[in-house]
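The values are calculated or read from the model by the stated rules, or taken from the named source; none is laboratory data. As the structure is a prediction and not an experimental result, all values here were calculated from the model. Every residue, glycine among them, receives a Cβ derived from its backbone with ideal geometry; neighbour counts consider all protein chains shown. Accessible surface areas use protein heavy atoms only, side chains included; no ligands, DNA or RNA. Shrake-Rupley method; radii C 1.70, N 1.55, O 1.52, S 1.80 Å.
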Amino acid sequence: MKEAVGVHWFRHGLRLHDNPALCQLLETCNKVYLIFIFDGESGGMRLSGYNRLAFLLESLTDLDRQLRLRGGRLLTIRGKPTDALQLMRTEYGMTHLSFEQASGEGGDCEPVWAPRDELVRAWCDEHAVEIIERISHTLWDPAEVIEANGGEPPLTFSMFHQVAMSIGLPPTPEGDPVFRAGQLAVADPTRPHGHPVQASAPDCSVYRLTEFSNLTPLPFQLFDEVPPVSELSDLKPSPGEHKKRYQGGETRGLQLLAERVAWEELALSRGIVMPNQYCPDLLGPPRSMSAYLRHGCISVRRMYHQIQKAFQACTDAQGHSLSICVQLVWREYFYTMSVKNPYYDQMEPNPICLNINWRTDDQQLQQWKEGQTGYPFIDAAMRQLIQEGWIHHVARNATSCFLTRGDLWLNWVDGLRVFQEYLLDADWSVNAGNWMWVSSSAFENFLDTSDTISPVNYGRMFEPTGEYIRRYVPELRQMPTEYIFSPWEAPLSVQREAGCIIGKDYPCRMVNHEVVSRHNRKLMSKIAEQLGTCPPHCMPAGDAEVKHFFGLPGASLEDMLGGH
């Protein structure tokens, strides 16, 4: 009988814990190889800035380190997935292929990756390679949620939660994989499967393999170890006072998860629910797990159940609570809404998105991206995004509302592309869902555009000291707190004493928020009149859901409105 040789293909799910596809492969095959393919798609590489790519490579390096401690290694390959898999079949005798699945319909639930998965599935069928897929990137199977809702995605967040709860609680995470002695095989790129090979260039890890000896150049590149950013791209760290805050990888992710759960327990013991959302610390150590969830360095199921366990222990609650993990449920909702909608990140062909006549202004878009709007809280957030690859949920709300319906009236798709490039945690579906929601393009009816985020009041409400602005907008470091959120109001003598003249050392504000927000409300009112009735996909449950989304559990919506 032919030896069962398995290959686990890391895509999402860059971890060993709660990896059911890998566990099943280990139970099935006598010999197992583990690979990652730099195909320009996996790991969010379609559009990636330096920090995002560096986080991915750190995550892969951490995997490789863990595997080497167990006698294996991670083989990294650059090329098309089918070419890489052909290598594993001909050189190593692959009979089984496993990878994390995100939908019961097979492959990745996000339709943008469907062409890749269809090609791989067809290749496996052609070469009699058995596929092992297991769901572990989401709490629920999006396909099961849609089926339970009558074959269509639930159109509102409230409906989604009801349908998901009718299915049952998310499955508990599986245990760590068990590696039998000698089961992890080492793929040596310099001499695969014992065949002599010849490097095509003395300084390049591209090797002439037996099966591909007639191909010049080779259709793939093999690496001796996880490559640095410089071998994959000419991307450079962003200028500015770069403060690296997140280190990629399962090891660091699990450490942060333990710290996060302990922090949640402390908050719950004081009667505070969701402290990271409702009591954001914009200056403290990072507590968000979103980057690790996006790359699958930690299991969303492990995070969900650990936080629920902490909630039950601190409150004597018998059941699970939506509010304690509401952001994880929003993630699930956006994943499910994107199923079978390849245009989910676009406007005009997207069936759930209102086609709003946004303006086009490349100069203003660039000013917003570079943090040169003249509104310090907005600029601090955008500069942090470019420098560190992450900003808090409240900062994302403020910057996206400012770009779209709040102030500049620019297309949300342009903002999405900036976030997609720089955010460490930019899921294709979640990123697009957030942008459509905040720009009033979908998922929204109750929150009309009279409720726009003030670029002054919103930041002051969450971080009144101004230290967040001082950290990322150094021009304003000496500006008194009284004026730091609206420095144009500072008398010239105060500006001189602070060493920052507005219009010279720091830009004048691009627009007057009070004026443009009134104008934009009129534009949106006309759109509403033309529509007559709101499409069925634009219906949040009401005020409570709006507060959940914007992080305002006890405040009125007016707290974040108005201002300058």
key: Surface accessible to a 1.4 Å probe, per residue, for the residues of region 277-343, Å²   = 33
message = Could you check the spin-label model distance between GLU514 and GLN318? Points 7 Å from the Cα along Cα→Cβ, value in nm.
response = 5.5
query = Separation between the ARG70 and ILE501 pseudo-spin-labels, each 7 Å from Cα along Cα→Cβ, expressed in nm?
reply = 6.4
query = If one computes the Cα centroid of region 374-419 and of region 295-365, what distance in Å separates the two points?
reply = 18
task = Any of LYS340/LYS369; LYS31/LYS80; LYS236/LYS369 with alpha carbons more than 26 Å apart? Name them for me.
result = LYS340/LYS369
message = Please enumerate, by chain and number, the aspartates and glutamates with C-alpha under 18 Å from the C-alpha of LYS526, excluding those fewer than 8 residues away in the same chain.
response = ASP407, GLU444, ASP448, ASP451
